[in-house]
Amino acid sequence: MRKRITLPILLAAAMAATAVGSVRAADSSNYQQLQKKYSTLKVQMQAMQKQMAQMQKQMAAQQKQMKAVQQAAPSINERATRRAIKRLSRQVMKLSEKEAALEPGNIQVLIAGDVNVQFQNKSGGNSTFYADSSPMIQVRIDKNIFVNTAFDFYTASGQAGGSAADIGAANINYELGDYMTVGGGLITSPIGGIVGNYNPAPWNRWLVDGSLEDNLLPPNELGIWTRGGIPAPGNLGYLTYFLFVSNGPEFIGTSGVPNQLSYDNFTATQNAKTVGGRISYLPIPNVEIGYSAEWASPTQSGALTKSDSWIQAVDFNSYYFNKKIEGFVKFRGGWTWEQVGQGGITPGNPTTPPALGNMSNGGQIDVAYQPSMCGIKYLDKMMVAFRYDRTDGPVTGVQTPGAMHEQRYSVGLDYWLHSNAVLKFEYEFDNVPDQHGSDAMFMQFAVGI
Amino acid sequence: MNLRNIQTVRMIMLVGLAAASLTLMAGCSNNGTAGKPTAKKAAKPAAIWPLAVQDPAKNETGAQIWSENCLRCHQLRSPSQYTPAQWGVIVQYMRLKAGLTGEQARKVLAFLKSASAH
């Protein structure tokens, strides 16, 4: 019986002991695992904390850098942009130079010139319409050679009517370097500056009628020349020059009696040549002062009369373009002296020596104002222009056409439809002594091509 | 026209032109005081030329040379009026007319070509 009781108790005790033991064993292994986890987590956390600290440090450094970059950015950008622009413009220059060095056969031709339609009413004469077309063929043969041909087709004014054609330019120019071009042919004369620089094209003139000074100036030169622009000594602005040798002028007149000088020097008699030129100085781009002179030995075909003639002229041109005056004012002017020396007669020629040795002079002052910046529709395209011009020529003897005592005031109102299309209205108050009343009214529509 | 007619025409002309000139001036000064900058106004260059001696040694850009020199004899023609190739011909001609140096001409041409193409 004891046996019976003892076994179960022993079994139970043994089981209980095993159970407690196993509980104890389970607890300790959990703890160890937890501890392990804890320590790995702790290590991880410490690593993360380290990382975070590092990241914060990095962020702070980056923020510092960003601030520095932000502060420096404008100047860096500016400098970079400026450098890029310089690089680009150098590239553009190089490219355009490359393009300018044209391949053979790559000739560039431009049809330019002008067309103008005019109405004029001179008191004492008939009013008349007039039209004129002056096409120009400009050719760039290569980067050094330029060729220009200009024609002039016009209706002849006056009662005779009709139409006529003329040649205004036929010249070849060769660029010898940065400061010199040589050329030859027929070209607008540089004498007096005003004709050569602005006059041939009506679209770049403010008034319709030519000036009285123009009459004293040779319109063309047929010969050879050299011209160019050079920096003035000491880099004080620029100098331009145009020096030529051309066919001499010719005495013209009725029945062998010369009373006028013609500068349409398409033929030269007696080998007479004109030597002359113009130099100008531009202290600033908008101011130009010019001096020109030409000496010639005029002759008369057939009569062989020979003399000498001098033309000297001064001219100036300037503009002032400023918001203060809402646009620009332009001033131009000039004065020309023309002297014809004593004439001589070839022995054996029966013609009476002409009464030479006289002086003609004349000049002009031109002013124009255009409020091109005023921003008011139509008004910004209007230009008012004023001119005073006069000539004093000898009463007898040799004179160029139109060189008599005359002075005029002209006022004009222009409407610039375009930079090269203008509607002009002009009234000319003329004061011809003893011949009152040759005032004139002009209207013109001029277009440059 | 007889003498009396001429005198009447002269009077009308003088009065007319004086009125036109005054309108031009007045119109502009009014605009100046009102000072309303229109879009058109803003688009135009407020060019002011310094009255200092032109220094060829200073490195002028093509645009500067163009705006300063090409206005001397006529109105400025917009770069877009001609193709780059046409500007090649024109600048070769205008170099002669304006008395530009070769370098100035090249710079003006580079400017006009790029401004014309865009």
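The values are calculated or read from the model by the stated rules, or taken from the named source; none is laboratory data. Please read all numbers here as calculations on a predicted model, not as lab measurements. With ideal geometry, Cβ positions are generated from the backbone for all residues, glycine too; neighbour counts draw on all protein chains shown. Only protein heavy atoms, including side chains, enter the accessible area calculation; ligands, DNA and RNA are left aside. Shrake-Rupley method; radii C 1.70, N 1.55, O 1.52, S 1.80 Å.
Descriptive notes on the structure:
- Taken residue by residue and averaged, Cβ atoms of other chains lying within 10 Å of the Cβ of B:83-89 number 6.
- Computed in the context of the full set of protein chains, the accessible area of segment A:198-248 at 1.4 Å probe radius has 68% of its extent on carbon or sulfur.
- Per-residue surface analysis assigns A:W225 an accessible area of about 10 Å², computed on protein heavy atoms at 1.4 Å probe radius.
- Accessible-area ranking of A:I167, B:I65, largest first, probe 1.4 Å: A:I167, B:I65
- Association of chains A and B removes close to 6700 square angstrom of accessible area from solvent, both sides included, for a probe radius of 1.4 Å.
- Couplings for segment A:277-289, taken from phi via the Karplus curve 6.51 cos²θ - 1.76 cosθ + 1.60 with θ = phi - 60°, read x, 9, 10, 9, 10, 10, x, 9, x, 9, 9, 9, 10 Hz in order; Gly and Pro are left as x.
- The aspartates and glutamates whose alpha-carbon is closer than 20 Å to the alpha-carbon of A:K324, local same-chain residues fewer than 8 away aside, are A:D380, B:E68.
- Shielding of peptide B:67-78 by partners, expressed as the average count of other chain Cβ atoms within 10 Å per residue Cβ, is 6.
- Solvent exposure of segment B:54-118 amounts to 36 Å² per residue of accessible area, where only protein heavy atoms count and the probe is 1.4 Å.
- Sites A:K67 and A:L88 - FRET efficiency at Förster radius 30 Å, r taken between beta-carbons, to 0.05: 0.45
- Estimated translational D of segment B:54-118 in µm²/s (Stokes, Kirkwood radius over Cα pairs; 37 °C; 0.692 mPa s): 280
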